[in-house]
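Working notes, beginning with the structure itself.
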2 protein chains.
Amino acid sequence: MSSPRQVTFEITAECPVTRARTGLLHTGHGVIETPVFMPVGTQATVKGVPQDHLYDQLGARIILANTYHLFLRPGHEAIRRMGGLHRFMSWPGSILTDSGGFQVFSLSELRKITDEGVRFQSHLDGDMHQFTPESTVDVQLALGSDIAMVLDECPPYPVTREYAEVSTRRTVAWARSAMAHYREKIRALPTRHALFPIVQGSMYADLRQDCARELVDLDADGYAIGGLSVGEPRPMSLEMVELSEPLLPRDRPRYAMGVGMPDELGEYVARGIDMMDCVLPTRNARNGCLFTRAGKLIIKHSRYKEDQGPIDPTCPCSACRTYSRAYLRHLFQANEILFATLASIHNIQHYLDIMREIRQAIRLGSLPEYLHARRSIENAADSDLE
Amino acid sequence: MSSPRQVTFEITAECPVTRARTGLLHTGHGVIETPVFMPVGTQATVKGVPQDHLYDQLGARIILANTYHLFLRPGHEAIRRMGGLHRFMSWPGSILTDSGGFQVFSLSELRKITDEGVRFQSHLDGDMHQFTPESTVDVQLALGSDIAMVLDECPPYPVTREYAEVSTRRTVAWARSAMAHYREKIRALPTRHALFPIVQGSMYADLRQDCARELVDLDADGYAIGGLSVGEPRPMSLEMVELSEPLLPRDRPRYAMGVGMPDELGEYVARGIDMMDCVLPTRNARNGCLFTRAGKLIIKHSRYKEDQGPIDPTCPCSACRTYSRAYLRHLFQANEILFATLASIHNIQHYLDIMREIRQAIRLGSLPEYLHARRSIENAADSDLE
């Protein structure tokens, strides 16, 4: 049933204490060092950051784009005709796309889920559309994603056991349909792709485990753990990863979708996660929340009005090298576009630097010490700097 | 009465036919080749464009900042305490500031003009403030502008002859007070500055000429021609420059404030103008209007939906080198921040390239031919590209 893998993963180091490992993910658009954090480029742009800066200066090698948004605008067929998403947006690195399911559930006012798929109304113009397990594979192949996701249902938290069972069963069935369709389709394609199924099950341990076991039978190129960061307490998200991950094949990449805060990145990695994505670094940046070694910095605070230091003196990003907190505060207060760009650059640098440190700690065998030190800092700097 | 000049101007070439010349303007923050177009950085940022890109990639050497905005936020004393505007915004080049008068007249709801100055209400928080000829010099010296402007009154168009007379007389009196105060103040300063009076007179030829003659007596470092682009027909703006300019000293830089469209730049230069500024390249950029060799390109038009060419194939800017019209249109339609950045970069490159061409044409003695060719193109490409 399985084809030769087109996107491959090799483990390069393992933590002797935790479940963490470093690896190399080989895609048609380069090699990605894992564990990796993927900045989110919802509409084919990581908001405010030019592609060359993201690749050359920040060192990002893979970003996430949202199928739902690109399907609606400019349309996947238009992107296909223009040579695919990489070419359309001039991004030299790799791209992972979600299936669009999560956005249907979070952005579309009207939607109806059946076993066939989900019918929904565009949040842009009210037009009705349908996503099926097969169609979302087709859309993502039109986009040319290096790594595509199966259509899944991501229920909110909390949800009844009964609904979670129905929903998880549907997610597994959709994964089977999607994978069969995908394997058929990629035979004809010269390009390299991967399709990851998504472990769901809400916060029910046994449903998560059953789901993981069934998806493993699909022998996929990698596995995602979804349905996290949907409102549940943070320890519960980690627990769901902890109990699903050991069931997933050790030699495939594992992707925790939509996580997390800077202090959580290492925690997920310690639980065997290789890939993460989150809108937090860019969304918080636009809202004036900057991440630093010493905790969060809320730039609007008046204490920064004449602060001539950089956001974070240890940060090598262009915002920290060039501009003061006082200037950045002024840009934020004056609602200037440049603030969003500089703040996003800084927060992405912060996230990617954490990932570099984590990879280094795993290679050196010092991840437990790294996590311990990090937990102490985070506890000490829960709120804004003082 | 006059001090040794701190900002000097040397003419390096003159057009044998028109009044155009090339020159070098020496300020405390570098040497500027003239004729020059100054991008507008109202709130200490050229909207959407990082300073290093503006200086290194686009080659801008002088920008304009607005005294009114910076006086209100973050405040000129705060900027002085932080080492001045150049340091505050990390801009290595020169800065020209307006006097704030124009913004008081255009942005403030409540204002009262007397011979002493103008009282006005902040558009930000409703606080009352006052600008006098002396105080606006002090504010601009606190900012550390290389080139400051005297407080002037810029009446709308049209205005009665009677009002224009009163207003022009006041502008001249203010220029005298400002210049006396400035000369007193700069004695104590180690930094290099210039103060330009502003020729007003609405669209009355004799008032303009009287004003110019009276201001020449001040023996200033340079002269501005204000009150243009306030609603009058374009030929009238050029005519006002044409009749004021011959009265101004040939060895001082002349600055036409707030102009103009790409096709007008050479026309002003041919009438003896050395410096110009305008929000058009950046404001139009944000509104989706891109300037090209072939005319204006309105990016939202559906004809660009799958257009894989650059904005302008002859343009060396990073937007044209990297991204397609289709991608830029997508960013614009999706209201993405990156559009404002890329479009502003392109339009500024277009303006600065025109200025480079104009300077080259003057040096080669071919400005008349250049203007002739340019007029033909502009007539042929009045609207959007076809």
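Here B:Gly59 clears all of (1) over 23 Å from A:Leu328 (Cα atoms); (2) touching a residue at least 60 places away in the same chain (Cβ under 8 Å); (3) open to solvent by 50 Å² or more (accessible area, probe 1.4 Å) except the condition numbered (3).
Listed by first and then second residue, the pairs linking a residue in the stretch A:222-238 that is touching a residue at least 12 places away in the same chain (Cβ under 8 Å) and closer than 11 Å to A:Met203 by Cβ to a residue that is in a helix (DSSP H, G or I) and among the aliphatic types (A, V, I, L, M), with Cβ atoms under 7 Å apart and 6 or more places separating them unless they lie on different chains, are A:Leu228/A:Met240.
So if I check each of B:Ala285, B:Ala256, which one is buried (at least 18 other Cβ atoms within 10 Å of the Cβ) and over 30 Å from A:Met89 (Cα atoms)? Before you say what the answer is, go through the steps one by one.
Numbers: B:Ala285 fails: over 30 Å from A:Met89 (Cα atoms).
Among B:Ala285, B:Ala256, only B:Ala256 is buried (at least 18 other Cβ atoms within 10 Å of the Cβ) and over 30 Å from A:Met89 (Cα atoms).
Residues are listed down the side, and each one gets a yes or a no for (1) within 14 Å of chain B (Cβ to nearest Cβ); (2) touching a residue at least 40 places away in the same chain (Cβ under 8 Å); (3) of a type in the set (Asp, Glu); (4) surrounded by 19 or more Cβ atoms within 10 Å (Cβ to Cβ):
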site	(1), (2), (3), (4)
A:His86	yes, yes, no, yes
A:Pro92	yes, yes, no, no
A:Thr97	no, yes, no, yes
A:Phe102	no, yes, no, yes
A:Ser106	no, no, no, no
A:Leu110	no, no, no, no
A:Ile113	no, yes, no, no
A:Arg119	no, no, no, no
A:Ser122	yes, yes, no, no
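A:Leu342 falls short on exactly one of the conditions (1) open to solvent by less than 10 Å² (accessible area, probe 1.4 Å); (2) closer than 21 Å to A:Leu58 by Cβ; (3) in contact (Cβ under 8 Å) with a residue 60 or more places away in the chain, and that condition is (3).
The numbered conditions (1) over 19 Å from A:Gly222 (Cβ atoms); (2) assigned to a loop (DSSP other than H, G, I, E, B) are all true for A:Arg5 except (1). Which ones in the stretch B:139-158 are out of contact with any helix residue (DSSP H, G or I) (no Cβ under 7 Å at 6 or more places or on another chain) and open to solvent by 10 Å² or more (accessible area, probe 1.4 Å)? Listed by number, the residues that qualify are B:Pro156, B:Tyr157, B:Pro158.
Within the stretch A:47-73, the set of residues being touching a strand residue (DSSP E or B) at 6+ places or on another chain (Cβ under 6 Å) and within 14 Å of chain B (Cβ to nearest Cβ) comprises A:Ile63, A:Ala65. Does B:Asp127 satisfy being under 26 Å from B:Leu228 (Cβ atoms) and open to solvent by 10 Å² or more (accessible area, probe 1.4 Å)? When the stated conditions are applied, B:Asp127 does not pass them. For A:Val279, the criteria (1) free of Cβ contacts under 8 Å to residues at least 60 places away in the same chain; (2) of a type outside the set (D, E, K, R); (3) under 15 Å from A:Pro39 (Cβ atoms) hold in every case but one, which is (1). Against the numbered list (1) more than 10 Å from chain A (Cβ to nearest Cβ); (2) touching a helix residue (DSSP H, G or I) at 6+ places or on another chain (Cβ under 6 Å); (3) open to solvent by less than 30 Å² (accessible area, probe 1.4 Å); (4) not in a strand (DSSP E or B), B:Ala13 comes up short only at (4). Here is a check on your reading of the model: is B:Ala270 closer than 24 Å to A:Val46 by Cα and hydrophobic (A, V, I, L, M, F, W, C)? So B:Ala270 does not fit the description; no.
When each of A:Gly288, A:Gly295, A:Gly272, A:Gly260 is tested for being touching a strand residue (DSSP E or B) at 6+ places or on another chain (Cβ under 9 Å) and without any contact (Cβ under 8 Å) to a residue 40 or more places away in the chain, the lone residue that passes is A:Gly260.
May I ask you to say which residue of A:Pro233, A:Pro246 is under 20 Å from the mean Cα position of the chain (by Cα), loosely packed, with under 15 Cβ neighbours inside 10 Å and farther than 28 Å from A:Leu143 by Cα? It is A:Pro233. Among residues of the stretch A:182-210 that are farther than 13 Å from A:Cys154 by Cα and touching a residue at least 40 places away in the same chain (Cβ under 8 Å), those with a Cβ under 9 angstrom from a residue that is loosely packed, with under 14 Cβ neighbours inside 10 Å and of a type in the set (S, T, N, Q), sequence gap 6+ or separate chain, pair up as A:Arg183/A:Ser2; A:Arg183/A:Ser3; A:Ile186/A:Ser3; A:Arg187/A:Ser3.
Counting only residues that are in contact with a helix residue (DSSP H, G or I) (Cβ under 7 Å, 6 or more places away or on another chain) and open to solvent by 20 Å² or more (accessible area, probe 1.4 Å), the stretch A:16-42 holds 6 of them.
With respect to the stated conditions, A:Tyr163 fails to be under 23 Å from the mean Cα position of the chain (by Cα) and either surrounded by fewer than 16 Cβ atoms within 10 Å (Cβ to Cβ) or in contact (Cβ under 8 Å) with a residue 40 or more places away in the chain (or both). For B:Thr8, the criteria (1) within 14 Å of another protein chain (Cβ to nearest Cβ); (2) in contact with a His (Cβ under 6 Å, 6 or more places away or on another chain) hold in every case but one, which is (1).
The values are calculated or read from the model by the stated rules, or taken from the named source; none is laboratory data. In this text, all values refer to a predicted model and were calculated from it rather than measured experimentally. We place every Cβ from the backbone using ideal geometry, glycine too, and count neighbours over all the protein chains shown. The accessibility values were calculated without ligands, DNA or RNA, using every heavy atom of the protein model including side chains. Shrake-Rupley method; radii C 1.70, N 1.55, O 1.52, S 1.80 Å.
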